[in-house]
Each structure stands twice: as structure tokens, then as C-alpha cells.
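The values are calculated or read from the model by the stated rules, or taken from the named source; none is laboratory data. Fair warning: this is a prediction, and the values are worked out from it, not measured in the lab. In this analysis, Cβ positions are derived from the backbone assuming ideal geometry, glycine residues included, and neighbour counts consider all displayed protein chains. Just the protein is used for accessible areas: all its heavy atoms, side chains included, with ligands, DNA and RNA removed. Shrake-Rupley method; radii C 1.70, N 1.55, O 1.52, S 1.80 Å.
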Amino acid sequence: MAARYKVSITLYFTMLLLYLLFSFFPDLRVWGLNWWAFYPLWVRLSLFVMGAAVPIALMSPMSKGLFDSSEGGEDKFARLWWIVPIVAGLLFWFGRVGTHFLGDGYTLVSSLGAGKTFAFKAREVGESLAHLGLFNLLGGDGEATATLTYQIIAVFAGVVFAVLVSLTALRLPIVRSGRVLFVIGCLSGGYSLQFFGYVENYSLFLVATAAFTLIAMLSLIGRLNRWWVLVAFVVTVFMHVLGAVLLPGLILVLLHDTPLGRRIGRWSPSTKGLLALVLILVGAGLFFYFRSTSYFFRFAFLPPVADRFTIDGQTLLSWRHWLDYLNLWILLIPGLAVATPVLLSLKNKMRAMASFFGLTIGVAALTVFLLDPKLSMPRDWDLFSFAAVPAVIGVLFYLLHESNFSRKTACTAVLFCTLGLIVLLPRVAAQSNAGIILEHVRLYRHLDPDRCQNMEALLSHYGELAGDPRAEQLWVEEWKGKYPSLNLFQRGVVELNDKKYEAALELFEQSVKANPVFWNSWTMIGACYVRLNQPDKALESLEIARGLNPHGISTFNNLGAAYLQLGDYNKAEWALKEAIHLDSADLAPYLGMITLYSRTSDRNAYEWIISYVTSRTDAPLRVFEQYIDFMAKHGRMQEANEGLRKAIERGMDSTKVAELCERYQLP
């Protein structure tokens, strides 16, 4: 143990030196280590000195009484645990972030504030419903309310997280003096940035993952009914579909110490190996089936080798992806390397608990490795951070377990917490410092230019909200004109609007060659083929666009038009309804529905849709003609007259008015 602890101390100082060193070289692909960068030199040196002072203080005689494994005396934590979530909540609220460049922050705020259903995502039902519900409760109007909604839920999630770890610390076999360390360590994980008013849809997912892990631990040691872990699993999947990766851990807990579980445990190694092989083959078969039949599933994962949709050279086997994966784990668990040597020297591994953590963390880590970071790993860290929750909890549990506890394990836990805090706190502060976070934005674009193509919209949104000219300046000086795919797309839109469909198609095809995952250009390729009356070719491009972005309103509008050309009215209706679901204010899908129902002879549906469209202020005059025609032919002259009156108010030409009056004998 002593030798391993010395290794941990060495690794601790190595990590401190790396944080300081790479703060001077932020443009390198070390985004998990460079969060001290862009701060003044005195801040970086102060962080280093504070970090270095901790192990020195632990070696002093005065610290010997801090970690007592005896269980005598008053249990102060049991009496005062409620202070932890209160203090954590205050820190989360008053330290909440001021910018939202990571993840989909500004896009989510804009969508929720405008009442668009993009704020609701089927893969994260529970979290989406929570945000929509609170937004409506707060008045349901504007981006300020939307931002407040996300921040309240993020802070609330952090408080619940603090309550869960505090209460669980009281029931786990952790020495009393280690309970505070357990709670601080859990709250200092890199994922905790999402509790500081962070704008995304993952804070409740993190809490659910923590609840699943903690309940499973209590179940395995016989202090909680095992079926509660099933409830936690269902809640986690409800919050985000990635919660499904916890299934192996769930099965282990439910089978633990049961007749069936013991029977499986007596199987020979060859039988277990054969079963594992069968499960792997079945899983691989399902994976490749869905990958070959669904663009969305295909684009959710990185390919093993480059294909026509590969950007920035990232594949499962590329050095960039491996380096990003390493950066992610350093960002989320800075003290993992420090704790590992001591963890390996522990005698009581607790077989069932070790199997649970091995399965849970292993499957989660593998899933994160396979997934495609759409926005780049430095910006998509928030979704992937769920995998670190059971890892942090597991590390602290083993270090502070009463059967493993010693002064050296306690000191290792302190170092683990210290590294977490001296990385987390600068990250939190950076989110509210426009100068620093804009430098990180510039860095992310430098590392993954094609994945950060949407930065223009984010910078523009931030500049408008904050009145900060630096955002627009950053775009104009460094990036404007440097995205061929975007320039070609804009030129293509001009040609499309001028009805030069062949020329537009050529420009959009050049755009996707420059950036094969630019979904807007794939949608416009489909739109060109629709206008050229080539629906089969349109569908191929539109399905690619839908796979890249399942929330593209224009994609569904054009899908509806393509299916109409093919005469597949059921699919056309589905696509147009999806477009309306995504943005009920958009007129285009309603116009498509008018065409659809006029062809299907569904009188009731046609009457409803055409009446609705004419009630809108943006209804085109040709729809009023259709409305008047429908009402007059069915003998409803009063409605026809009312439609004509509205058409005149909207500016219908007098010649057209006279023609309609004569045709339908209207006064």
C-alpha cells in the first residue's frame, strides 16, 4: 500500500504540472487539460500552488486526527447531512453559468422560448417534458423564461444529486470520517458543471444515473429491496434513451444471490463463454442490421474506417478519436489516475460489487467510445458525462469502505477530490467570462472545423443577447468565408429561389462533398429533385438529411412533397404532420396538407385544413380561392362570401374578385 500511495502522489503532482503546462499551449488537442488556459498567469500559478499544498498538508502531524476509522462518539454527519444540499444548491444557483456555447445551449433556449417542439426530443422524453412543463408554468414566453427554466431544473437536479449521495453515504459501509469526502468527491466530478444552471437536457439524466448506481449498491449489500433498482432504471431510460446501457448492471443486481443467479454462477467457464459469445454475436447482428437500414442509427455511431460521411478524419480507429476519448475521461474524472494505484492494492474487492461496477462502467464507457460526437467531443462532453457518474461513485466507495479504510486511502480520496475541484471551478467560472469562453469556442473550431460549422448561429445569438461585439468580430475575422460548404449552400439557395433547379442542385452537391454531414444541403438536394419531379432521388437525399438531423422542418416538408408525387398519401401525411409537430407556426406543411386532402377526397379533413389556413394572417390568396370554391360548390354561400371578404382585405386583385363573383354568383 505504501509503495502504491507514493505512485499516487507522483501521479497527482504530474497531473498538476500537466494542467499548468498545457495552459500555455491551449491550441493543442488537450481540451481535457487546458481549462486553466486563458486565465491570467497569477490565477494559474495560484491554482497550482493550492493544489500542491494539499498533499504537503496531509503529511503534517496536525492532519493525523482528521481520518479516524473508529465509530465511537456522536455521528455528526447523520445529524447535519441536510446542510450539504442547501450549501450545494446555493453554490449551483449563485455560480450558474452565463453563456451556453457548449452542447446545444443557445439552440435549445431559442426553440423553447419560441414554443417550438424541437425542445421536445423523443430520445429524452422525461427531461424534455420537465423543461416544457416548467416553461409553461413560468409563463411560457420568451428566451429569458426559457433560460430560467433550464437553469432552475439544472440547479434542482444538483440539489437532488446532493441529497441522494448524502443519504446513501449514511447507509453504505463507509467510515464516518469518510462520508463528507464521499459527498464532496461525488459533487466534484466533471459532470457537475451541468448543475450550475447549465443549459442542456441531461442534468436529470445524470441524477437518475446516480440514483440507479446508489440504489444498486444498497441492494447488493442487502440494505434496500432489489426491485427499487428496476424503478431507477426505468426512470433513467425515461430521462434519456442512453440509460438503456445500464441494463447489464440491472440484470446483475436482480439476479444477485437468487436461486437462478447462483445456478448461473455454477456454470462452467466454457458455458459462460459460449453464452457471452452468443450475446455478442446477436448484439453485433442487430447493430449491423439497424446500421444498414436506418441512417439515423448509422450516423449515431462513428464508423471503424472512413466512409463518404466521415469528417475531420474521425473514425473509431483514428488517433483524434482516441485522444479525444482520453481527454473526455480526464475532464470528467481528473483524479482517476491518482486513485488507480491505491485501488489496485486494496484487498477487499467485494466480488458482486466489483462485477456491478465493471459491467456498468464498462458498457457505458464502450458506448461513449462508439458514439459519434456530432458537435465534436469538446462540446458534446455533456451527453457523454453520464458514464463518469458510476465511475466516480465506485472509486470513492472502495477508497472509503470500512474494510479498506486507512490513512493512505483517505489521503488518496482527498487528492481525488482536490483535483476534481481545481478543474471544475475554473470551468464553471469560464462559462460566465465571455473573453475566456470565446477563446475556447475559437479553440473548438480550430480542432474540429467541420463539426463546428454552426458556430456562426451561436455567436450571432450570443452577440444579440449579450450585446457583445466580440462574438461577431470573432466570426468575421477568423471564420467567415472559410466554410466552402456553407458558401456553396448559400449560392445554391439563391439559384433555387430563382427556379434554376439544375444549377442549384449542382451547388448543393458540391456543398455535401465539402462537408458530407451538412444536413441542410442534403435537404436542398431533395428539394431540387422534388421540383424536378424526381421523387425517388429526392427521398434518398432527404432520408440522409433526416438521419443527420431528425428535427429538420424543411426536410419533412420536402419528404411530404416527394411522397405526394409518388402517390403514397399515408407517408405524405405522416411527413407533413411531423413538420407541423416540429413547428406549428410554419405555413408550408399546411399547404402540403391542402394538396394531400384534395387528392384523397377526404372532405372533412380538407375542410378543416383549408378553414384553418385561411384563418391565418400569412395565408396566400390562392388558398382563399380554393376555400371559396369549396364552400360555393357545397352550397355554403355565407362561408364563401366571408372568404371573399377576407381575400379582399388581404389585397386580392379586383379582376380576380370580379371573376370569382361571376363564377359563383356571389354578391
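For the chain, the solvent-accessible area with a 1.4 angstrom probe is 44 square angstrom per residue.
Shown in residue order for segment 576-584 are the 3J(HN,Hα) couplings computed by the Karplus curve 6.51 cos²θ - 1.76 cosθ + 1.60 at θ = phi - 60°: 5, 5, 5, 4, 5, 4, 6, 7, 5 Hz (x for Gly and Pro).
Mean silhouette area of the chain, derived from the convex hull of its C-alpha atoms and averaged over all directions, reads 35.4 nm².
A Cα-only calculation for segment 495-653 places Rg and Dmax at 17.4, 57 Å.
Rg and Dmax of segment 142-231, based on Cα coordinates, read 14.8, 49 Å.
Cross-link partners for K408 among the aspartates and glutamates, with Cα-Cα distance under 19 Å and sequence neighbours closer than 8 places in the same chain left out: D68, E71.
Summed over all non-identical Cα pairs, the Kirkwood treatment of segment 148-294 gives a radius of 17.6 Å.
Would you kindly state how much longer the chain becomes between T271 and Q534 on full extension, computed as 0.36 nm times their sequence separation minus their alpha carbon distance, in nm to one decimal? Before the final figure, lay out each step's value.
Working: separation 263, 0.36 × 263 = 94.68 nm, distance 5.51 nm.
89.2 nm is the gain from fully extending T271 to Q534.
By accessible area, using a 1.4 Å probe on protein heavy atoms only, the chain has 63% of its surface on carbon and sulfur. The orientation-averaged projection of the convex hull spanning the C-alpha atoms of segment 348-440 amounts to 7.4 square nanometres. Based on DSSP H segments of at least four residues, each scored -39500 (n - 2.57), the chain has a per-residue ellipticity at 222 nm of -22000 deg cm²/dmol. With a/c under 1.5 counting as rounded, go ahead and sort segment 253-369 into rounded, prolate or oblate using the C-alpha gyration tensor (a ≥ b ≥ c being the square roots of the eigenvalues; past the cut-off, prolate if a/b is larger than b/c, else oblate). Here segment 253-369 falls in the oblate category.
Test of understanding: what is the full-extension gain from A284 to D629, defined as 0.36 nm times their sequence separation minus their Cα-Cα distance? Can you show the working numbers first?
On the way: separation 345, 0.36 × 345 = 124.20 nm, distance 5.77 nm.
Net length gain for the segment: 118.4 nm.
How high is the FRET efficiency between A53 and K349 when r is their beta carbon distance and R₀ equals 30 Å, given to the nearest 0.05? Before the final figure, lay out the partial values.
Working: r = 33 Å, r/R0 = 1.10.
With a Förster radius of 30 Å, E is 0.35.
Mind checking the full-extension length gain between W42 and R291? Use 0.36 nm per residue of separation minus the Cα-Cα distance, one decimal, nm.
Values: separation 249, 0.36 × 249 = 89.64 nm, distance 5.10 nm.
Here the answer is 84.5 nm.
Charged neighbours of S403, selected by a Cβ distance under 11 Å, balance to +1 (K, R count +1; D, E count -1).
When both segment 630-652 and segment 80-153 are represented by their alpha-carbon centers, they are found 46 Å apart.
If you take the Cα centroid of segment 374-446 and the Cα centroid of segment 236-298, the two points sit 29 Å apart. Modelled spin labels at A605 and V87, positioned 7 Å past Cα toward Cβ, are 6.2 nm from each other.
Relative contact order of the chain: what whole-number percent is it, with Cα pairs under 8 angstrom and at least 6 residues apart? All intermediate terms of the calculation are to be shown ahead of the outcome.
Working: 874 pairs, mean separation 97.9, N = 667.
Relative contact order comes out at 15 percent.
Along segment 306-320 the Karplus relation, 6.51 cos²θ - 1.76 cosθ + 1.60 evaluated at θ = phi - 60°, assigns HN-Hα couplings of 5, 10, 5, 9, 6, 10, 6, x, 8, 9, 4, 9, 7, 5, 4 Hz to successive residues, with x for each Gly and Pro. With a simple spin-label model that places each label point 7 Å from the Cα along the Cα-to-Cβ direction, the separation between E662 and D257 comes to 9.3 nm.
Say R0 is 35 Å: what FRET efficiency, to the nearest 0.05, do L366 and K513 get from their beta-carbon distance? Write down the numbers at each step before the final one.
Working: r = 33 Å, r/R0 = 0.94.
Plugging the Cβ-Cβ distance into 1/(1 + (r/R0)^6) gives 0.60.
The simple Förster model, with R0 at 25 Å and r as the Cβ-Cβ distance, assigns K6 and W319 a FRET efficiency of 0.20. Structure shown: which of K499/K577; K500/K577; K537/K633 lie over 32 Å apart, alpha-carbon to alpha-carbon? Pairs exceeding 32 Å: K537/K633.
Can you tell me which of 312-323, 556-567 comes out highest on packing, and rank the rest after it, using the mean Cβ neighbours within 10 Å? Walk me through the numbers before you get to the answer.
Values: 312-323: 15.3, 556-567: 23.8.
For the peptides 312-323, 556-567, the packing ranking is 556-567, 312-323.
Report the Cα centroid-to-centroid distance between segment 7-62 and segment 497-550 in angstrom, as an integer. Segment 7-62 and segment 497-550 have Cα centres separated by 49 Å.
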